[in-house]
Amino acid sequence: MDYDTYGSGAVELAIDLANADLDPSGGLETFLTAHTEWFAEGTSFALSASDAGKAAATARLVRAVALADSQDAVLDRLNELLALARPRPYATAHDGELHLHYARPDSPALEQLTTTVAMGLSQVVVQHGWQRLGVCSAEGCDDVYVDTSRNASRRYCSNTCASRSTVAAYRARQKT
Ligand SMILES: [Zn+2]
Ligand SMILES: [Zn+2]
């Protein structure tokens with residue numbers, strides 16, 4: 001996906017978090033380890049049970065924003081998420097590309113996670129509209145996505161779900 005026009009690649013972290021399996025036995029640590037790009041070098045990913053619970057609550061808030069079906073509801077939930085953020089942006093080129101990080105590099109993993117997720121999601125909503133976030137329409141899938149299509153027409157989290165649904169609809173028509 002091309003996030004250049006979306007203000008922030010950090011929205012990807014938010015979407016991934018909402019879709020992650022954060023089971024209590026190390027699910028969060030696995031998630032963090034797979035997303036080291038958004039954390040300062042040396043950040044410890046061994047979170048307390050209480051912090052892991054807060055991370056799961058953040059994930060639920062991201063999902064709630066995507067599920068909201070009016071601008072007012074999106075803003076309510078987005079502001080609830082932003083209230084958890086402790087932004088202190090800084091510019092970096094750690095991967096060779098100039099970009100912004102949103103959390104203090106010396107803050108704990110939970111603070112970096114919540115701040116980056118809240119800021120990334122907010123950037124997309126305020127710059128491109130609340131309809132840009134959605135939940136997959138495919139049967140048996142409830143993954144959250146950000147719609148980067150030109151005309152904001154996306155309904156599925158992935159091409160896999162889109163083609164699976166097309167096939168299912170075709171079969172349903174054949175039967176009737
Ligand atoms: Zn970075
Ligand atoms: Zn899907």
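Observations, loosely collected:
- Relative contact order (%) - criterion: Cα under 8 Å, at least six apart; region: the chain: 25 percent
- Quotient of Cα Rg and 2.2 N^0.38 Å for segment 64-124, N being how many residues it contains: 1.25
- Ellipsoid equivalent to segment 5-69 - semi-axes via the Cα gyration tensor, in Å: 20, 17, 9
- In sequence order, calculated HN-Hα J values of segment 108-114 (Karplus, 6.51, -1.76, 1.60; Hz; x Gly/Pro): x, 3, 4, 5, 5, 5, 4
- Taken per residue, the accessible surface of segment 23-176 reaches 58 Å², heavy atoms only and a 1.4 Å probe.
- Seen from all directions on average, segment 74-176 presents a Cα convex hull projection of 9.3 nm².
- Cα-centre dipole for the chain with unit charges at Cβ (Lys and Arg positive, Asp and Glu negative), debye to 20: 760 debye
- A crude spin-label estimate for the pair residue 100 and residue 167, with each label 7 Å from Cα along the Cβ direction, gives 4.3 nm.
- In plain terms, the C-alpha convex hull of the chain casts an average shadow of 11.5 nm² when viewed from every direction.
- Both radii were evaluated on the Cα set of segment 17-117; the Rg over Rh quotient, with Rh as the Kirkwood radius, amounts to 0.98.
- CD proxy at 222 nm, helix term only [per DSSP H run n ≥ 4: -39500 (n - 2.57); per residue of the chain; nearest 500]: -15500 deg cm²/dmol
- Table column - 3J(HN,Hα) (Hz), segment 38-45, Karplus curve with 6.51, -1.76, 1.60, x for Gly and Pro: 8, 10, 5, 4, x, 5, 7, 9
- Order by protection proxy (mean Cβ within 10 Å, highest first), peptides 163-170, 64-71: 64-71, 163-170
The values are calculated or read from the model by the stated rules, or taken from the named source; none is laboratory data. Computed from a predicted model, the values in this text were never measured in an experiment. Here Cβ is always computed from backbone atoms with ideal geometry, including for glycine, and neighbour counts include all displayed protein chains. Quick note on the areas: whole protein, heavy atoms, side chains included, nothing else; ligands and nucleic acids left out. Shrake-Rupley method; radii C 1.70, N 1.55, O 1.52, S 1.80 Å.
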